[in-house]
1. Can you report the principal axis dimensions of the chain using only the alpha carbons, biggest first, rounded to whole angstrom?
2. Which listed residue (Ala62, Gly9, Ser52) has the Cα farthest towards the positive end of the charge dipole for the chain, taking +1 on Lys and Arg C-beta and -1 on Asp and Glu C-beta about the Cα centre?
3. Under a Cβ-Cβ cut-off of 15 Å, what is the net charge of the residues other than Thr27 that fall near it, where Lys and Arg count +1 and Asp and Glu count -1?
4. Which value in deg cm²/dmol, rounded to the nearest 500, describes the helix-derived mean residue ellipticity at 222 nm for the chain, given -39,500 (n - 2.57) per DSSP H run of n ≥ 4 and division by the residue count?
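Derivation of every value follows stated rules applied to the coordinates shown; laboratory data play no part. Being a predicted model, the structure only gives us computed values, none of them experimental. In this analysis, Cβ positions are derived from the backbone assuming ideal geometry, glycine residues included, and neighbour counts consider all displayed protein chains.
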Amino acid sequence: MQKHPLPRGRSYSVNEWCELRNLSRKTAYELINAGELRSYKVGVRRYITAESDAEFIQRKEAEAAA
């Protein structure tokens with residue numbers, strides 16, 4: 001995973017987020033369904049905010065440090 005934060009105030013489609021974080025769509029949807037990654041829908045499209053991404057990264061780094 002990339003450590004640098006994504007620009008705040010921006011939202012990313014699931015595909016964009018997966019590309020930035022080098023994860024598969026399957027993994028992204030598993031994280032969303034498990035409540036580990038917050039997202040929202042507009043119509044049929046799902047988006048992940050930069051803030052949600054930052055929270056996810058912080059949580060994963062804390063888990064790795066424990």
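1. Result, largest extent first: 39, 24, 18 Å.
2. Towards the positive end, the residue furthest out is Gly9.
3. Details: positive: Arg21, Arg25, Lys26, Arg46, Lys60; negative: Glu16, Glu19, Glu30, Glu36, Asp53.
Spelling it out: positives minus negatives among the neighbours equals 0.
4. Working: 3 runs with 33 residues, N = 66.
After summing the helix terms and dividing by the residues of the chain, the value is -15000 deg cm²/dmol.
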